[in-house]
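K.L.:
Quick one: the structure is below, and I'll ask about it shortly.
The values are calculated or read from the model by the stated rules, or taken from the named source; none is laboratory data. Just so we're clear, the structure is a prediction, and the values are computed from it rather than from any experiment. Ideal geometry is used to build each Cβ from the backbone, glycine not excepted, and the neighbour counts take in all protein chains shown. Side chains included, ligands, DNA and RNA excluded: accessible areas come from the protein's heavy atoms. Shrake-Rupley method; radii C 1.70, N 1.55, O 1.52, S 1.80 Å.
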Amino acid sequence: MSILKLFSGLILCFLIISCVDCERSRNYILDDECNLVVIIPPSKYPNLFKIKGYDPISKEEKFYEDGNRWLDFYKREIEEGDTIVKKKGELIFYIHKKDTIIAHEWLCYDGDGKHTYVK
């Protein structure tokens with residue numbers, strides 16, 4: 001019986017810890033911004049999502065890291081020479097390639113197997 005209580009407690013802790021606060025994540029993503037021409041794509045780094053690039057206007061080299069993990073899904077799409085753009089106040093991440101633009105709209109996983117876009 002005590003093992004069952006321990007197991008139930010662990011499951012409860014996991015559920016509480018794994019809950020996603022979509023509003024907080026949304027606000028973080030709305031505040032985030034970047035505009036980089038990719039020198040080293042994110043797949044070359046062990047981190048979840050890290051890019052070395054340069055600002056296309058100032059030509060200054062910079063690093064961009066996504067701490068919220070939503071961009072990790074798209075790192076295989078990004079290659080050297082692409083331009084990545086995340087505008088402040090938007091929930092869309094753009095990958096500019098030579099002949100196309102890929103736009104990824106932010107989705108929040110609500111824990112029930114559904115994805116909800118929160119404006």
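K.L.:
Is it true that some residue in the stretch 89-110 is small (Gly, Ala, Ser) and surrounded by 13 or more Cβ atoms within 10 Å (Cβ to Cβ)?
P.N.:
Step one: of the stretch 89-110, the residues small (Gly, Ala, Ser) are 89, 103.
Narrowing the set further to residues that are surrounded by 13 or more Cβ atoms within 10 Å (Cβ to Cβ) leaves none.
Scanning the stretch 89-110 turns up no residue that is small (Gly, Ala, Ser) and surrounded by 13 or more Cβ atoms within 10 Å (Cβ to Cβ).
K.L.:
In the stretch 19-54, which residue that is of a type in the set (A, V, I, L, M) and out of contact with any helix residue (DSSP H, G or I) (no Cβ under 8 Å at 6 or more places or on another chain) is farthest from residue 97 (Cα to Cα)?
P.N.:
Our first condition is that a residue be of a type in the set (A, V, I, L, M); within the stretch 19-54, this holds for 20, 29-30, 36-40, 48, 51.
Within this subset, residues satisfying the condition of being out of contact with any helix residue (DSSP H, G or I) (no Cβ under 8 Å at 6 or more places or on another chain) are 20, 30, 36-40.
Values: 20: 32, 30: 23, 36: 12, 37: 10, 38: 11, 39: 13, 40: 15 Å.
By that ranking, first place goes to 20.
K.L.:
While we're on this one: Looking only at the stretch 62-114, filter to residues that are modelled with pLDDT under 85 and more than 15 Å from the chain's Cα centre (by Cα); which one of those is farthest from residue 35 (Cα to Cα)?
P.N.:
Residue satisfying both the conditions and the ranking: 112.
K.L.:
Just one of the numbered conditions (1) out of contact with any helix residue (DSSP H, G or I) (no Cβ under 6 Å at 6 or more places or on another chain); (2) under 25 Å from residue 26 (Cα atoms) is not true of residue 100; which one?
P.N.:
(2)
K.L.:
Here's something else I'd like to know. Name the residue that is modelled with the lowest pLDDT, counting only residues in the stretch 16-54 that are open to solvent by 30 Å² or more (accessible area, probe 1.4 Å) and among the hydroxyl-bearing types (Ser, Thr, Tyr).
P.N.:
So the residue we want is 18.
K.L.:
List the number of the failed condition for residue 41; all other conditions in (1) more than 12 Å from the chain's Cα centre (by Cα); (2) without any contact (Cβ under 8 Å) to a residue 40 or more places away in the chain hold.
P.N.:
(2)
K.L.:
I've got another one for you. Which of the residues belonging to the stretch 55-68 are of a type in the set (Ser, Thr, Tyr) and either surrounded by 15 or more Cβ atoms within 10 Å (Cβ to Cβ) or in contact with a helix residue (DSSP H, G or I) (Cβ under 6 Å, 6 or more places away or on another chain) (or both)? Spell out how you get there, then give the answer.
P.N.:
Filtering the stretch 55-68 down to residues of a type in the set (Ser, Thr, Tyr) leaves 58, 64.
Across the stretch 55-68, the qualifying residue is only 64.
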